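These notes concern the structure reproduced below.
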Amino acid sequence: MSAQYEFTPAGGAASLIQDTAIGLPSATPAAALTAVHAMPATDMPFETLYHTPGLADRSRFFDGIDTHYDFERFPLDLWPDRANVVYALASHDTVLFVGAADDLRHALDTEAPLGLARRRGARFLLIHTPAPADFQPHTEAARRLCDHLDPPLNR
């Protein structure tokens, strides 16, 4: 199973992947993009998802059915005050956990496997806040992403 990803640095437009940013041996960015999109999700280099430094880099995850979800990336120790979100705990090379939260801070404090995720290398908190016009509510979006990405801490 493979996943599709697009990349948009905070405040910027969607951009092509630079082969130097993801460390793939290729002669051109187009060749790197082709190589990345051919990889199964489990082989996807994490830097492919987050190659622009900054507090709120963005990425887009495909749920394997029909919807793309935009996520912001934050350091794992920064917990923004958000409601009705999909969140993920991620290391540099793996999305370790995906969850849905009516209150993000409460979920991170009581429900999320933060200790286990940190021991497995989690460094980032990824957050998707559905817009009012989004087709899927946050709980269904989290379920779809779990099914498609198969994070190890959701098994």
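The values are calculated or read from the model by the stated rules, or taken from the named source; none is laboratory data. Keep in mind that this is a model prediction, so the values were computed, not measured. Cβ placement follows ideal geometry from the backbone for every residue including glycine, while neighbour counts extend to all protein chains displayed.
In this structure, does residue 81 turn out to be part of a loop (DSSP other than H, G, I, E, B), modelled with pLDDT of 90 or more and among the charged types (D, E, K, R)?
Judged against the criteria, residue 81 is a match.
For residues in segment 61-112 being of a type in the set (Ser, Thr, Tyr) and surrounded by fewer than 17 Cβ atoms within 10 Å (Cβ to Cβ), which is nearest to residue 153 (Cα to Cα)?
Once the filter is applied, the top-ranked residue is 91.
Looking only at segment 115-135, which residues are of a type outside the set (Asp, Glu) and surrounded by fewer than 16 Cβ atoms within 10 Å (Cβ to Cβ)?
115, 116, 118, 119, 120, 121, 123, 131, 132, 133, 135
Could you list, in sequence order, the residues of segment 115-155 that are of a type outside the set (S, T, N, Q), in a helix (DSSP H, G or I) and farther than 15 Å from residue 61 by Cα?
115, 116, 117, 118, 119, 152, 153
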